[in-house]
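Please read the structure below before turning to the comments.
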Amino acid sequence: MNGIGLINATGQPAVAGSFHTLVMQPTSFCNLDCTYCYLPDRRSFRLMGDAVAQACAESIAQQNSGHPVSVVWHGGEPTATPIGLFRDLLTPFEERRRAGMVRHEIQTNATLINRQWCELFTAYGFEVGVSIDGPGALNRNRLDRAGNPTDARTLRGMHTLADAGLRYSVICVVTPETIDHAESLVDFFTGLPGCESVGFNIEEQEGADRAPVSEDAAYRFWQHLIARRVGGSPLRIRDVDRLADYLAATRAGRVDHAPYEPIPTVSWDGQVVLLSPELLGITEPRYGDFIAGNVLHQPITAMLARAGDLDYVAEFVTTLNDCADHCAFYDFCRGAQAGNRYFEHATFTARETTYCRTTRQALVSAAAGHLTPHGGAP
């Protein structure tokens, strides 16, 4: 890439020139109004057209990497898209999907899931992710536009998925109000029919004027989860299992030093941001709108090839190199997410973030504390 430096330790390009994940926004609209949501256009009912989907499918074909691409349908709320239109958006990917070179994923609040959506997910081999933060009051931040709770509607959608034979994963946002309820959360997700794993996202600073989760609270949270997982809990916990996989790879001498994996995200009208889906729809005087181009006018690989010309990408890479040189957690963490750096510090040059400390460092420290009971705490 033009203008992009190299990770000093390996001499490889800092950011890969191809992508394995493509996030697509079939609509900017969401039917919920979660208190921590950062999406600026979630009240606007705008829909992706067939031409954008076709251009995205062509971008996947043109990179010719030989590696399958996960097409992640995100939002907004993707199931707010009329189901007929959504099926049309899948058509350009179908040949590559049947060849095993594309797989579809969707992240949904599940409040609109019905039998027809389940049939579509089955027909196209979708991996389904559901967003819910726990039972009852633990889901208090996920409200509808009238300020009403949504947990019952999401649970109904999850049961509909399970009744259709579809298993799903869960993303749970953990806030300062729920961080001390690790046991209740694990019990809840373990008891959900069809739930095969859960990923815990400790609330990030993305425009919300809220105090972050403390490092001590995060450490205790991960301690509880590690103890439950090691103690035989059948619930797969994404974050704990990723750390276990990393430790196993390290012991086997298979530490991954691959370049940073970009996550191109395509808006309903074809605009593309690189590095972080959270930057879509955001404008800022210093960086502009973060748009790398429009997929209707150029393939995503061409945008990646010129990514170093974007100030925010160049800054991110410089700091990523700094992380690689100086941070003891880098081999596991692979550098703070670009969105977190921006939303926490209004710049991409900050090396450490609250996300680093609560989601990566506290997790590693809690695992160390479990292995060596007299050490590991921050």
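The values are calculated or read from the model by the stated rules, or taken from the named source; none is laboratory data. Just so it is clear, the model here is predicted, and its values are computed rather than measured. Neighbour counts are summed over all protein chains in view; Cβ atoms, including those assigned to glycine, are modelled from backbone coordinates with ideal geometry.
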Which ranges mark the strands (runs of 3 or more DSSP E) fully within region 65-150 that have 3 or more residues being at negative phi and in contact (Cβ under 8 Å) with a residue 60 or more places away in the chain? none
Hey, SER59 at pLDDT 80 or above, over 19 Å from LEU304 (Cβ atoms) and either assigned to a loop (DSSP other than H, G, I, E, B) or touching a helix residue (DSSP H, G or I) at 6+ places or on another chain (Cβ under 8 Å) (or both) or not: no
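Yes/no matrix, rows are residues, columns are (1) among the aliphatic types (A, V, I, L, M); (2) out of contact with any His (no Cβ under 9 Å at 6 or more places or on another chain):
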residue: ALA302; (1), (2): yes, yes
residue: ASP331; (1), (2): no, no
residue: ARG334; (1), (2): no, yes
residue: GLN337; (1), (2): no, yes
residue: HIS345; (1), (2): no, yes
residue: GLU352; (1), (2): no, yes
Scan region 161-179 for residues that are under 20 Å from the mean Cα position of the chain (by Cα), hydrophobic (A, V, I, L, M, F, W, C) and buried (at least 19 other Cβ atoms within 10 Å of the Cβ) and jot them down. VAL170, CYS172, VAL173, VAL174, ILE179
What are the residues in region 88-128 that are of a type in the set (S, T, N, Q) and within 23 Å of ASP33 (Cα to Cα), if any? GLN107, THR108, ASN109, THR111, ASN114
For region 37-47, state whether one or more residues are of a type in the set (Asp, Glu), surrounded by 20 or more Cβ atoms within 10 Å (Cβ to Cβ) and within 20 Å of the chain's Cα centre (by Cα). no
State whether one or more residues within region 309-317 are under 27 Å from ASP50 (Cβ atoms), in contact with a strand residue (DSSP E or B) (Cβ under 9 Å, 6 or more places away or on another chain) and assigned to a helix (DSSP H, G or I). no
From the residues in region 248-275 that are among the aliphatic types (A, V, I, L, M) and surrounded by 12 or more Cβ atoms within 10 Å (Cβ to Cβ), which one is farthest from VAL71 (Cα to Cα)? ALA249
For GLU278, which of the numbered conditions (1) outside any helix (DSSP H, G or I); (2) surrounded by 21 or more Cβ atoms within 10 Å (Cβ to Cβ) fails to hold? (1)
Would you check if ALA211 is among the hydrophobic types (A, V, I, L, M, F, W, C), surrounded by fewer than 19 Cβ atoms within 10 Å (Cβ to Cβ) and at pLDDT 90 or above? no
Pick out the one residue from ASP239, ASP245 that is in a helix (DSSP H, G or I), of a type in the set (D, E, K, R) and buried (at least 16 other Cβ atoms within 10 Å of the Cβ). ASP239
Out of all the residues in region 246-269, which are modelled with pLDDT of 85 or more and more than 23 Å from ALA314 (Cα to Cα)? TYR246, LEU247, ALA248, ALA249, THR250, ARG251, ALA252, TRP268, ASP269
How many residues does region 18-56 hold that are touching a helix residue (DSSP H, G or I) at 6+ places or on another chain (Cβ under 8 Å), in a loop (DSSP other than H, G, I, E, B) and more than 27 Å from PRO259 (Cα to Cα)? 7
Does region 69-84 hold any residues that are under 18 Å from the mean Cα position of the chain (by Cα) and farther than 14 Å from PRO262 by Cα, and which are they? TRP73, HIS74, GLY75, GLY76, GLU77, PRO78, THR79
Out of the residues in region 130-156 that are β-branched (Val, Ile, Thr) and out of contact with any Asp or Glu (no Cβ under 8 Å at 6 or more places or on another chain), state the one that is surrounded by the fewest Cβ atoms within 10 Å (Cβ to Cβ). THR154
Which listed residue is surrounded by fewer than 17 Cβ atoms within 10 Å (Cβ to Cβ), of a type in the set (Ser, Thr, Tyr), at pLDDT 95 or above and in contact with a Gly (Cβ under 9 Å, 6 or more places away or on another chain), from THR81, THR122, THR91: THR122
